[in-house]
Structure formats: C-alpha cells, structure tokens
Amino acid sequence: MGIISFQGARTKVKKQDNTPIRVSDYMTRNLITFSPKQSVLEVMETLVKNKISGGPVVNERNELLGIISEGDCIKQLNESRYYNMPIDDAQVERFMAKNVETIDGNISIFDAANKFLETKRRRFPIIEDGKLVGQISQKDVMKAALKMNSQHWRDL
C-alpha cells in the first residue's frame, strides 16, 4: 500500500511589503495655524470650536515660529486675572512655546511613536524646505497602527 497524502492545494503566500510606514503617510496636512500677533482670546475660541488642543504659529511665509496650546492659553488667563489685565491685549507670541522640536516626515511611524514616548509631547510639526507642511499627533500614530496588520509590525 502506498502513502496517501491528504494535503490540499497550497495557496501562494503573498510577499510581505516591508516598506516602512512613514510619518508623511499619516500626518495632517490641512492645519489650523495661528499668527504671532493674533490674540490669545481668538486662539482659545478656535481651539474650542475645532476641538483641538493647540496649533502651530507661523509667519506670512509659513515658517514655524512656535506652538500655542491650551496650557499656554490657561497660563495667559491666570496671568490676566492675577495682574488684573484685559485678556484682549494678550498676543500669541508672548505665550507660545518658541523652542519647538520638529520631526522628519520621512521617518517611520514607529520611530515617531518612540519619539512621543521619549519626549511626552502630543504633537510634532513637520518642516520641509523651511516651511511647515504638516503635523503628526499621537492620535495619527494610533490611526496608522490600527490600519496595519499586527503580523507586519515586527518587520517594520
């Protein structure tokens, strides 16, 4: 008697795509930005209206000058109350974070995740040729992870 094999037809295994998932694939390009001379009150209204926690501050050439956040706005509120000064006079340039760390749009989404863990930041602006082109947030990294198949994570 011969040996009978019950093995069925084998399906071809798709070759895995080991192209790294880049920050530029998931960054937000359509940003709400602020100007340095804009009032903090106006920024607060925009943050609340658009349900965002902050945004980049740029000049007329779209060069990054800083970031203004909810925390910066709250700091201004606290100072205006303490010094009994009107909030309308406060400008973004006085309260924005000026020493802003950026991230390269060509790095992998996993390197960006590590950068978020190391720095405890919520967002990183992306600059190309001296101009603001986008922003990557922790939420963007999570969206990228959800779209990827977990089997591929080890290979990226």
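Structural remarks
- Share of pairwise Cα separations in region 23-155, more than 23 Å, in percent: 37
- Contour minus Cα-Cα distance for residue 59 and residue 120 (0.36 nm per residue): 19.3 nm
- Cross-link table 75/143; 37/115; 37/147; 51/98; 49/143; 37/143, entries beyond 29 Å C-alpha to C-alpha: 75/143; 37/115; 37/147; 37/143
Computed from the coordinates by the stated procedures, all read-outs in this text should not be read as laboratory data. Quantities reported herein were computed from a predicted structural model and do not represent experimental measurements.
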